[in-house]
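Here is the structure we will look at, set down as structure tokens.
Bear in mind that the values in this text are calculations on the coordinates, not laboratory data. Keep in mind that this is a model prediction, so the values were computed, not measured. All Cβ positions, even for glycine, are placed from backbone atoms using ideal geometry, and neighbour counts span all protein chains on display.
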Amino acid sequence: MSTASSKLTVRGIDVEIVYKDIKNLHIGVYPPAGRVRVAAPRRVDEDRIRLAVIQRLSWIKRQQKQLRDAVRQSEREMVSGESHYVWGSRLRLRIIERPGRAHVEVDHDRLLLYMPEGSDRETRTKVLQRWQREELRRAVPPLISKWEPRIGRSVSAWGVKRMKTKWGSCNRESGRVWVNLELAKKPPLCLEYVVVHEMAHLLVRNHGEPFAKLMDTLLPDWRTRRETLNNAPLADEAWSLALIQALPGSQSHEGMAQ
């Protein structure tokens, strides 16, 4: 899909416009600072885009405020005494330097990071992220197995990666699902919500009323789970979902606003 881009300012708000071969116009507010981006069909002129942004100014400002007000952890220094989240629980990090294999253990309210002597922050971060990936690799397969018969579609493959604007993604054609590494820090019910959300896209491509109805059937408390995920502390990198709205009458959205 080829794209072209331009910029405009609407009542003091800078807006990035990306023209694509799509049917509907979408307005997105992206972390961490509330950047506004419009994905527009090539046939839509700038006046219509400006009007769409004006019509949604109050919504845009609310989303920007939400992103600014979100609870964020300061950058982790990877030293003993600072807090880290594991499956929604706040644990106190303890660095234990000793010979042997670097690894992570959880001991009640402590996160123990065993490292060779003289390790730096980058190395400690890589070890912790490797452990987080392992945690997700244990947690995701049972969820996929649980939901495949309920959804009626199989996941061909899945993986974990760092994503800055989404908690998960799905390729309907290949049947592949990705989950954000940050989900290892969130409550388990949030991980299940994301897995179900992405698997639901195997049936319905876009967000909108048909997708919401499907989610209501599959996971009736999905909105509560989404709110829990949105309210959980964000990493310093501010990896979070994009907040998206489409034009009235459109049945498709982007990102994970639903």
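The angle between the Cα long axis of helix 188-200 and the main principal axis of the chain comes to about 40°, on a 0 to 90 degree scale.
Note on region 4-72: Kirkwood radius taken over Cα pairs, Stokes-Einstein applied at 37 °C and 0.692 mPa s, translational D equal to 266 µm² s⁻¹. A protection proxy built from the mean count of other Cβ atoms within 10 Å ranks the segments 4-11, 205-212, most packed first, as 205-212, 4-11.
Close Lys pairs in region 83-231 (alpha-carbon distance under 26 Å; sequence gap of 8 or more, or different chains): 18. Taking a ≥ b ≥ c as the square roots of the eigenvalues of the Cα gyration tensor of region 71-177, is the shape rounded (a/c under 1.5), prolate (a/b larger than b/c) or oblate? Taking the square roots of the gyration eigenvalues as a ≥ b ≥ c, region 71-177 is prolate.
Rounded to the nearest 20 debye, the dipole magnitude of region 83-231 is 240 debye, with +1 charges on Lys and Arg beta carbons, -1 on Asp and Glu beta carbons, and the Cα centre as origin. Axis angle, to the nearest 10 degrees, between helix 209-218 and the longest C-alpha principal axis of the chain: 30 degrees.
The listed peptides 179-188, 142-151, ordered by packing as a protection proxy, come out as 179-188, 142-151 (highest mean of other Cβ atoms within 10 Å first).
With neighbour counts taken as other beta-carbon atoms within 10 Å, the residues SER174, SER89 rank, fewest first, as SER174, SER89. In straight-distance terms, cross-link reach from LYS7 covers every one of the aspartates and glutamates whose alpha-carbon lies under 13 Å from its own, apart from those fewer than eight places away in the same chain; here that gives GLU16, ASP45, GLU46, ASP47. In a reduced charge model with +1 at each Lys and Arg Cβ and -1 at each Asp and Glu Cβ, the chain shows a dipole moment near 420 debye about its Cα centre. Using only side-chain charges placed at the Cβ, +1 for Lys and Arg and -1 for Asp and Glu, the dipole size of region 83-165 relative to its Cα centre rounds to 360 debye. Dividing the radius of gyration of the alpha carbons in the chain by their Kirkwood radius gives 1.01 for Rg/Rh.
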